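Asks: Dumping the structure here so I can ask a few things about it.
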Amino acid sequence: MTAGDAGARRAWDSWKRVADLIGASTLLVLFAPLLLVLAVVVRAGGGGPALYRQTRPGRDGVPFRILKFRSMRPDAALELAGTEGDHLRITRVGRFLRATSLDELPNLVNVVRGEMSLIGPRPLLVSYLDHYSERQARRHEVRPGMTGLAQVRGRNAIDWASRLEYDVEYVERRSPVLDLQILVATVRTVLSRHGIAQPGHATMPTFEGTDPSPRASVVAEHQVEHVRLLHG
């Protein structure tokens, strides 16, 4: 990557924040009636509160509370199994929301707040931070997104190594043109309902790392410390 390429990416990051704010604010207004209806349906579906909040690592690993429509019923016993038990907790309404990606619509609030972007690597679990290799940890050099390169190149049907490599590829190639291509491809992916989940999982198996080298968690350790400091 040349100095010029790096400069162009930094310039796009600044303009992209403006585009995110305008785009997400506009979509929140347009989708307000739909958001209200979905909130009522989720609440009536027995999944607990309509909105689900969870701490996720954002840009530079700084944690934030992601907002989604609840798609799983509370179950203390199954929650102890982590993501491996998630597929057993999905409600009927939740299955539809996930298939159509409507459960992600509240992410628009995170975008307006500046915690997320419309396009970028999807925010994963805090517990995954110390499993990334140095290269994989680069996914946190940008704001996480509602959709990204990995989501239009297989979504949850691909393996972790491929998914994280697509995230880093986005970081290295991000541009207005690439973001537009991802946006258009996302519409096709959602309509096709391809790659929603791997067999026996709500989405994908728990990530346990793909790089056993001793330097694999150097960057991630710094990011995990952000979470510990902010949450005691």
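Asks: I need the P(r) histogram for region 1-63: all alpha carbon pairs, bin width 5 Å from 0 out to the longest distance, whole percents.
Replies: 4, 14, 10, 14, 18, 15, 10, 7, 5, 3, 1
Asks: Taking all pairs of different Cα atoms in region 97-187, averaging 1/r and flipping that mean, what Kirkwood radius in angstroms comes out?
Replies: Working: mean 1/r = 0.0745 Å⁻¹.
For region 97-187, the Kirkwood estimate is 13.4 Å.
Asks: Oh, and also: Based on alpha-carbon centroids, what's the gap between region 87-123 and region 1-72 in Å, whole number please?
Replies: 8 Å
Asks: Quick one: net charge of Glu141's neighbours, Cβ under 13 Å, K/R +1, D/E -1?
Replies: Details: positive: Arg9, Arg10, Arg59, Arg135, Arg138, Arg139, Arg143, Arg173, Arg174; negative: Asp13, Asp60, Glu134, Asp167, Glu169, Glu172.
Around Glu141, the charge tally is +3.
Asks: Using 0.36 nm times the number of residues separating Leu125 and Thr206, minus their current alpha carbon distance, what extension gain do you get? Don't jump to the answer; show the numbers that get you there.
Replies: On the way: separation 81, 0.36 × 81 = 29.16 nm, distance 0.96 nm.
Full-extension gain reported as 28.2 nm.
Asks: I've got another one for you. For region 150-193, what does the alpha-carbon gyration tensor say about shape, rounded, prolate or oblate, given a ≥ b ≥ c as the root eigenvalues, a/c under 1.5 as rounded, and a/b over b/c as prolate?
Replies: Values: a/c = 4.37, a/b = 1.02, b/c = 4.29.
Oblate is the answer for region 150-193, as a/c is 1.5 or above yet b/c matches or exceeds a/b.
Asks: Here is a further query. Using just the C-alpha positions of region 28-67 as equal point scatterers, what log10 of I(q)/I(0) does the Debye formula give at each q in 0.14, 0.15, 0.27, 0.33 1/Å?
Replies: Scattering profile of region 28-67, log10 relative to I(0): -0.45, -0.51, -0.84, -0.98.
A short reminder: the numbers here are calculations on the coordinates, not readings from a lab. Quick caveat: nothing in here was measured; it's all calculated off a predicted structure. In this analysis, Cβ positions are derived from the backbone assuming ideal geometry, glycine residues included, and neighbour counts consider all displayed protein chains.
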